[in-house]
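Here is the structure we will look at, set down as structure tokens.
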Amino acid sequence: MNNKHVEQQETDLDLTTCDLEPIHIPGRIQSFGALLSVTPDLMVNHASKNAARMLAIDCDRLVGKSLLDFISPEAIHDMRSRLQMLASNDAVERMIAVTLTDGGTPFDIALHVSGRSIVLEFEQHNAQAQRDYISDIRHMIERLRQAVDVVQLCQMAARQIKILTGFDRVMVYRFGQDGSGDVIAEAVQRDMEPYLGLRYPASDIPKQARALYTRNLLRLIGDAHDEGIAIEPVLSVDGKPLDLSMSTTRAVSPIHLEYLRNMGVHASMSISILRKGKLWGLIACHNRTPLSVSFSMRIAAELFAQLFGFLLEQKEASIAREDAIRSRILHDQIMAKITETAPVENNVGSIISSIESAIPFDGAISWTKGIFSRQGTAPSQDEFLELLPFIDKNTTGGVFQTECLSDMFPPAKPYAAKAAGLLAIPFRQSSRDYIVLFRSEVAKSLRWAGNPDKPAEGAPNATRLTPRKSFEEYKQQVSGHCSSWTTREMNIAEALRVTLMEVALKLAFANDPERHRLQEHQELLISELNHRVRNILNLVKGLISQSSDEASSVSGFTEIIGGRVHALARAHDQIMKKNGAAASAHQLIKTEASAYLAADAMRVELTGSDALLVPKAFSTLSLVIHELMTNSAKYGALSERRGRVFIKLSQETGDELMISWRESDGPQVVEPTRRGFGLTIIERSIPYELHGQATLNFDQEGVNAVFVLPADSVETHLESALSEAVIQEAAAEVFTPPNSVLVLEDNIIIALDAEIHLDQLGAKQVQIASTVTAAMELVEKNDFDFALLDVNLGSETSEPVAHLLMQKGVPFAFASGYGELQALAAKFNNAPIVQKPYDKNALVKAIVDCRQET
């Protein structure tokens, strides 16, 4: 085994050991304080060995005693009051100069809850260290407001904390995406080596330590040689050690103490810097000798860090606003330079020149509709075409950057000197158009605090690893990199992408009147859709309130609502079938009536011979009938229980279809003073869309209307119109419920709805799967005799399951909320299609049909 392999093995062991070390349950505390843990009824269940001595009470063992036996009633009252103020499990309440025992000395106290225990930590109060730190913090924060950027803000903070606490060195340490940390600000004694600019490996702060820094915001280590004080007993009655995650005095990992001593540090304090609840960095304080930091000063330092975090957020927000202004200026410059009639590729030169003022680069390439254009130092056309698939793959979510292209795309190594990194800005998905900025190679020298490849060294006994002993600056030369693309530049690039998309669309519409017409048509459709959705939502609300009086049980209420919502869904599905066969006008009207009136649908009397309507006419008439039903249910005859609607269909001369609508026994009708969108649909849809006629009258006794559909809207093969009710009745006569059913559905509510219906139909076992993989495993392990397959499952479809079921001879039906699935069904022997939401009659028909197919 070679030495390199041994070194790597040792490093892996060290990192694993550090990440797994249970630092939150050390079973010890630091000796500058003492600890008591009590149950909710104040019985001591854990105590540090020095607790009785610090309290100056004569007791060999505090565990098992009541706090009432040795703590004064006044102190217990005050502590109980503070415990009620704890806002969360991670909250800590602090009390200054509290006399715990009668005639005893005052203590500073920290209270928190750990599991089912209340943890009381106390340390001797230092009256000489007591001062008005709040005023100090106020002045410190006022000075910080003068900082012009984040780095200056951090530098001023480091200086102020050093003055406040007296530590030899105070650093502001910012975490990177890879977990390593950079020292971006430092205040240090003149006779000490500066660490400013050094980078520390991610392994220096293990994962569980970072997690604790997010919860417990200040960590003091008063003496790196402190062996600590044991807590008794080690385990509680439930066999678990006391969790000290939120402890003020929690003892330190031996590995970390050794790490500090190797650095020449004998006291340290770390204060967390949180940004939107996440660990942004640390204020790290080091001292060459043991240092006592008073309780009050620690509270002040923690408060300072929290206020500093707010200032940091404000400063970053201010920078973001400046970026937005810069982006807007860039947007205006680009929009001013483009030519209204020229395509984007003809404006690329002026666009790229505008970009350079906001994002420095050494070269740029534009790729628009297959046209290559290069400026400055950038890859050749052949090199770019080889690179293009890589860019396509990485820009699906927006702009993409890398400062070392050759690491991600090795073929780029030969031209790394001129194009070490890139920033790709996609702006037209249809033709995969880009502007790609390149930066040349810049020789980098990373300054590490010790060798990052050797974070640990082998211990003499080889049973564990010890922290590295060398923290001397280690320079790592990095090649193939460009200067980093900053967050600010990335934000500007993203705003620029939106601008370029706007430019492309503007030019496209300027040069294509047909697109402009289509856009206007789309806006009309959106308006119409918005209107219909609001009507549907209002209708569902009305259905729920009106149906509540009809049901005597929850199941009955569910049945009524389910039937009405299903009727609405069927009507919507019929409207969307634009490419299907002609459909029944009678069925259209019955469907809409059922949606509003359910079993009371007989209040709508339909007479006259049926007619089959071509898809366009069916869609148009559906909108008209929907609006008539809606208005009648809201304001007309159908809004009262005795009201009725009479609809008559008659064939006119020349094969025209006349439909009359008459309302009776409703409230007195008053003609509306304002023609809303709904009335516009009733009065203008048939004349405009079908070139037919529409007459609407608001008579006092009830609304009446007459519509005439021209002959080309009517299909006369009436004998082919078999009502759905007849088909369902025929299916029910030969129906035998399946024994074992598979339901593949990614929506749990819809899946449970299907399960209820199948159970009511007599299925003995229903198994539910939400993914293709889970469904295929169930098919392999079970003998199903029917399956219901949702077609669209998020990022996948149920087709693989359908293929497997066909191989095994298991009948199945597809289910979907979409209108057209005939093409898919044809691939599987015309498998039946069930529309959502599920209906028992539709399920019966599907089961019968798929059995006939197989």
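Below, the figures for the structure above:
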item	result
Region 409-460 - residue that is of a type in the set (S, T, Y) and either touching a strand residue (DSSP E or B) at 6+ places or on another chain (Cβ under 7 Å) or modelled with pLDDT under 55 (or both) and, of those, least open to solvent (accessible area, probe 1.4 Å)	Y434
Members of region 94-120 found to be open to solvent by less than 20 Å² (accessible area, probe 1.4 Å) and more than 19 Å from L303 (Cβ to Cβ), listed by number	V98, L100, T101, F107, S114, S117, V119, L120
Per-region count, region 786-800, residues part of a loop (DSSP other than H, G, I, E, B) and surrounded by 18 or more Cβ atoms within 10 Å (Cβ to Cβ)	2
Test: residue in region 261-279 that is part of a helix (DSSP H, G or I) and of a type in the set (A, V, I, L, M)	yes
Any pair with Cβ under 9 angstrom, 6 or more apart, that starts in region 297-308 at a residue that is within 23 Å of Q124 (Cα to Cα) and ends at one that is of a type in the set (G, A, S) and open to solvent by less than 10 Å² (accessible area, probe 1.4 Å)	E302/S272
Qualifying residue in region 252-272 (condition: under 20 Å from K49 (Cβ atoms), of a type in the set (A, V, I, L, M, F, W, C) and open to solvent by less than 50 Å² (accessible area, probe 1.4 Å))	yes
Residue check for E123: open to solvent by less than 30 Å² (accessible area, probe 1.4 Å) and among the acidic types (D, E)	yes
Positions within region 2-50 being farther than 18 Å from P241 by Cα, at pLDDT 80 or above and hydrophobic (A, V, I, L, M, F, W, C), in sequence order	F32, L42
Hits in region 29-44 (condition: part of a strand (DSSP E or B) and buried (at least 20 other Cβ atoms within 10 Å of the Cβ))	I29, A34, L35, L36, S37, V38, V44
Test: residue in region 70-85 that is modelled with pLDDT of 90 or more, touching a Cys at 6+ places or on another chain (Cβ under 8 Å) and within 26 Å of A284 (Cβ to Cβ)	no
Those residues of region 384-401 which are open to solvent by less than 30 Å² (accessible area, probe 1.4 Å) and over 19 Å from V498 (Cβ atoms), in sequence order	F384, L387, L388, F390
Any hit, region 86-93, residues being closer than 30 Å to K162 by Cα, free of Cβ contacts under 8 Å to residues at least 24 places away in the same chain and surrounded by 15 or more Cβ atoms within 10 Å (Cβ to Cβ)	yes
Members of region 45-74 found to be open to solvent by 40 Å² or more (accessible area, probe 1.4 Å) and in contact with a strand residue (DSSP E or B) (Cβ under 7 Å, 6 or more places away or on another chain), listed by number	K49, G64, K65
Filter pass, Q84 being farther than 26 Å from G239 by Cβ and under 50 Å from the mean Cα position of the chain (by Cα)	yes
Identity of the residue in region 611-625, assigned to a helix (DSSP H, G or I) and touching a helix residue (DSSP H, G or I) at 6+ places or on another chain (Cβ under 6 Å), that ends up modelled with the lowest pLDDT	S619
Set K836, K827: member being among the basic types (K, R), surrounded by 14 or more Cβ atoms within 10 Å (Cβ to Cβ) and over 16 Å from V741 (Cα atoms)	K836
Evaluation of W661 against (1) modelled with pLDDT of 85 or more; (2) under 51 Å from the mean Cα position of the chain (by Cα); (3) surrounded by fewer than 20 Cβ atoms within 10 Å (Cβ to Cβ) (one fails), failing number	(3)
Where T653 falls short, out of the listed (1) β-branched (V, I, T); (2) in contact with a helix residue (DSSP H, G or I) (Cβ under 6 Å, 6 or more places away or on another chain); (3) at pLDDT below 85	(2)
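The values are calculated or read from the model by the stated rules, or taken from the named source; none is laboratory data. Keep in mind it's a predicted model, so treat the numbers as computed, not measured. Using ideal geometry, Cβ is built from the backbone for each residue, glycine included, and neighbour counts are taken over all protein chains shown. Please note that ligands, DNA and RNA were not included when accessible areas were found on the heavy atoms of the full protein model with its side chains. Shrake-Rupley method; radii C 1.70, N 1.55, O 1.52, S 1.80 Å.
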